[in-house]
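Heads up, the thing below is written out as structure tokens.
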Amino acid sequence: MQVTLKDFTKTFDDMTVIDKMNLTVEDGEMLALLGPSGCGKSTTLFAICGIHRINGGQILFGTRDVSNVPSQKRNVGVVFQNYALYPHLTVSENIAFPLSVRGDDKAKIEREVRAIAELTHIEELLARRPAQLSGGQQQRVALARALVRKPDVLLLDEPLANLDAKLRLEMRSEIRRIQLETGITAILVTHDQVEAMSMCDRIAIMNKGEILQIATPTDMYRAPVNKFVAGFLGNPPIVMLEGKASGDGRFIVNGGAGLPLPSRLANIPGDTPLSLGVRPEHFGAAGASQVSGTITFVEPQGRETLFDVTLADGVVLRSIQPAREDVALGHKVAWPLDAEKLLAFDATGQAV
Amino acid sequence: MTRNFSAWPIYALLGILSAPLAVMYLFLVIDTFTNAPPGSLIPNEFTFHHWRFLWDASVTGDVWGPTATTFLFATTMVVIVLAVSSTAGYAISRLNLPFRRFFLSGIMVMHAFPSVTLIIGVFLVLQFAGLYNTLIGVILVKASLMLPFGVWIMKGFYDQVPWEIEMAGVQDGASRFTVWRRLILPQVTPGLLSLGIFAFIDGWSEFMLPRILAPSANFQVLSTYLNVVSDPNSTTYNFNLFKSVGLFYTLPILVLFAVFQNRLMNIFGGGTKG
């Protein structure tokens, strides 16, 4: 089901947290609300499921206006960050709860619980209590409970935050698999860009109560609309260099030497203040221009190695390359820079 | 726990300090079943004679009537305290109540108030309501004096229940009342249980209120009954009999405490599972 926010506004006391936000989540799509803590992403989620009352605008499920419909009647499944399983009930009673509240008959409940347990791979856990489950299993139960009454929308609030690294990887693909199999419209709230990029069809990146950009993960990574988005996506993060255009297609770092600009910016007038963003994978792999400097930091990551290279004028560029041991700390290197893929932003932080 | 010092000196000291109490209690039990020659502490005769009040109403008057009344008194009080505390505690913990802070500080003040100081006001209220000298009146007064404690304790237990459980219940389509009854209440049963036992013990041992607020009523609770038995000026005064009635009166409390002592301790932990 399509979910639409129209001029959604939320205030807490006198503080406007979100002002006239517009967002459309397509039917069957999984959308990430990505942003730093306090950006309003959870507020948005809780407004959609009805825990927070909205102060302005509309929330539409399909064509149905649910702005003033209480949570109980919205038919939204929510997975909370700490799963919020009912500790005194067994797994199957947990999953059955939404159905039994609705007044379904026993046979139907039994059937539905079985089916959803099969989908989430927890058939053998049905008799246990939440305290006897691992984090990943609790997560599956929470998903099953949220999905069992076939909600119009599935909302996930930081679903992976409480899991350890290995489980997080597993549940990432599991949640996506279940979402695809059920074809449900899902909204994921997260502050982790990797989660957002790997699980979702589209990302809406938020900061200070505003949506900055909505795009597919690849598009957003390749063409961020502003400095904030560029800095938020990518790990290891992008390196931002402050400086200005030289007028002849190059970029002068503040108090230092020049770097090439992408050819699409060849005509930018001289002395235009710019920020140049260099992603680590765009330095050291391929490209037309050479940049030389001294390796000042090496971080082996197994498959890859991360280098910090300090240029003659003190500028530090980061480079990530397939693991290599032929260079070490203190070596002088001249590596290629892929100037065409560099990102440039004007004085206000908008991409140019 | 690892010990950095040997424990026996502490046990020895505690043992010596509590020995007089232990000996007294031991003799309380022994004396109810035995007779000792005058001037001696060592019993020379086993007897059920001192327990004859259980079946012979002519000794001190019927004991089962006061026992039943005390039981009724304590259980009714438990019901009232649990019903009000479990709902009021929830409201204060979770609902966006007007005057919430005022209620909270009010409860604290009431909790700290010595009930004796209220007795004149309570007397007037009961008199006005026509409940003076009635069992219902005493029960209501006792229960309401217990309520600040109960509400406060239950609020503490409700505060421990994660907010998300409640929201998850609402999202699952349950009304706030269903959420409270089926999801939240089961989480606070340890609190309810200990509060219930506490209230029962408190009601069972109450002496002041029945004595003051129903002095001439046609009912007696065990504490006032014991008071009559222990009157040294009465013709039936018998010290061993007094001890037996006292022990009989204490037994249910001892049993309750022995069975539920772990539960009772966790009421002071504010609901953390012990």
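The values are calculated or read from the model by the stated rules, or taken from the named source; none is laboratory data. Please read these numbers as outputs of a predicted model, since none were measured by experiment. Quick reminder, even Gly has a Cβ in these numbers, built from the backbone with ideal geometry, and neighbours come from all protein chains shown. When the accessible area is computed, the model is the full protein with side chains, heavy atoms only, and any ligands, DNA or RNA have been set aside. Shrake-Rupley method; radii C 1.70, N 1.55, O 1.52, S 1.80 Å.
Is it the case that the range A:122-138 has a residue that's more than 14 Å from chain B (Cβ to nearest Cβ) and under 22 Å from the mean Cα position of the chain (by Cα)? Among the residues of the range A:122-138, at least one is more than 14 Å from chain B (Cβ to nearest Cβ) and under 22 Å from the mean Cα position of the chain (by Cα), which makes the answer yes.
When residue B:215 is tested against (1) within 14 Å of chain A (Cβ to nearest Cβ); (2) surrounded by fewer than 16 Cβ atoms within 10 Å (Cβ to Cβ); (3) not small (Gly, Ala, Ser), only condition (1) is not met.
So which pairs qualify, if the first residue must be in the range B:58-70 and part of a loop (DSSP other than H, G, I, E, B), the second must be surrounded by 19 or more Cβ atoms within 10 Å (Cβ to Cβ), the Cβ gap must be under 6 Å, and the two must be at least 6 apart or on different chains? From the range B:58-70, the pairs are B:63/B:53. Taken as a whole, the range B:16-35 holds at least one residue that is touching a residue at least 60 places away in the same chain (Cβ under 8 Å), outside any loop (DSSP other than H, G, I, E, B) and among the acidic types (Asp, Glu).
Considering (1) surrounded by fewer than 22 Cβ atoms within 10 Å (Cβ to Cβ); (2) within 28 Å of residue B:263 (Cα to Cα); (3) without any contact (Cβ under 8 Å) to a residue 24 or more places away in the chain; (4) touching a Phe, Trp or Tyr at 6+ places or on another chain (Cβ under 7 Å), the lone condition that residue B:182 does not fulfil carries the number (4).
On the basis of being within 14 Å of another protein chain (Cβ to nearest Cβ), closer than 27 Å to residue B:249 by Cα and surrounded by 20 or more Cβ atoms within 10 Å (Cβ to Cβ), does residue B:191 make the cut? Yes, satisfied. Set side by side, the residues A:160, A:156 differ, and just one is under 30 Å from residue A:24 (Cα atoms), touching a strand residue (DSSP E or B) at 6+ places or on another chain (Cβ under 9 Å) and free of Cβ contacts under 8 Å to residues at least 60 places away in the same chain, which is A:160. Considering only residues that are more than 24 Å from residue B:206 (Cβ to Cβ) and open to solvent by less than 30 Å² (accessible area, probe 1.4 Å), which ones fall in the range B:33-71? Correct list: B:34, B:47, B:50, B:51, B:59. Each residue in the range B:143-186 was checked for being at the interface with chain A (Cβ under 10 Å from one of its Cβ atoms), within 26 Å of residue A:158 (Cβ to Cβ) and assigned to a helix (DSSP H, G or I), and 13 pass. All conditions in (1) touching a residue at least 60 places away in the same chain (Cβ under 8 Å); (2) among the charged types (D, E, K, R); (3) on the phi > 0 side of the Ramachandran plot hold for residue A:279, with the sole exception of (3). Inspect all residues belonging to the range B:203-220 and state whether any of them is of a type outside the set (Ser, Thr, Tyr) and touching a strand residue (DSSP E or B) at 6+ places or on another chain (Cβ under 8 Å). Looking through the range B:203-220, none of the residues is of a type outside the set (Ser, Thr, Tyr) and touching a strand residue (DSSP E or B) at 6+ places or on another chain (Cβ under 8 Å). Against the test of being over 21 Å from the mean Cα position of the chain (by Cα) and away from chain B (no Cβ under 14 Å), the options A:35, A:28, A:56, A:50 yield a single qualifying residue, A:56. The set of residues from the range A:14-40 being of a type in the set (Gly, Ala, Ser) and open to solvent by 40 Å² or more (accessible area, probe 1.4 Å) comprises A:37, A:38.
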